[in-house]
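This report refers to the structure that appears directly beneath it.
All of the numbers you see were taken from the coordinates with simple rules; none came from a lab. Bear in mind that the values here come from a model prediction, so they are computed numbers and not experimental data. Note: ideal-geometry Cβ built from the backbone for every residue, glycine included; neighbour counts use all protein chains shown.
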């Protein structure tokens, strides 16, 4: 199993060079993140959500920023990042998903590959805070126990994380969001209509995975 996460100071130049810039060790490419931004935008546009503000929680190198703004040219993009290195380099706001308190919520919130780095209490607090930060659509992804055991390439995946079952995230997100699949969640009460079959039912139950 992966190790526990280190303090936020670990997210310096070496970390991002290894997992995002070096072609031999990176876990994702800019083309993949552009496609993900396209998916997020297509979902928001399909739901006729007026996107005027975007929050990218744990934005990293900002690989989705330009593509999201191509889709939503009138939107204001805010990058939130715990890494002092990246905040200095790119001008992001330094802060945590668990404690960030802007003056108003955002229409679109992206939070991808962040929560596996948070211990359980900050992670739970962060999920509650996402409900305060988002008034429309949330795109959420985190490395789960199922991903670690069944799917991910362990040669490239960062082991210095906290692994939790997917259901741990699902049940906490369900308090404020409707799961629409593919990492897309709609804030309850948002002006986005989901037909009954657009909403995800969790069909698989695996022994040993409990919340």
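Listed by Cβ neighbour count within 10 Å, with the fewest neighbours leading, 66, 107, 113 appear as 66, 113, 107. For the peptides 72-78, 129-135, the ranking by mean Cβ contacts within 10 Å, running from highest to lowest, is 129-135, 72-78.
At full extension, residue 29 and residue 151 could sit 42.1 nm farther apart than now, given 0.36 nm per residue minus the alpha carbon distance.
Taking the number of Cβ atoms within 10 Å of each Cβ as an exposure proxy, the fewest-first ranking of 100, 106, 43, 115 is 100, 43, 106, 115.
Listed from fewest to most Cβ neighbours within 10 Å, the set 101, 149 follows the order 101, 149.
In the chain, Cα pairs under 8 Å separated by at least six residues give a relative contact order of 21 percent. With the convex hull constructed from alpha-carbon coordinates only, the chain shows a mean projected area of 11.5 nm² over all directions.
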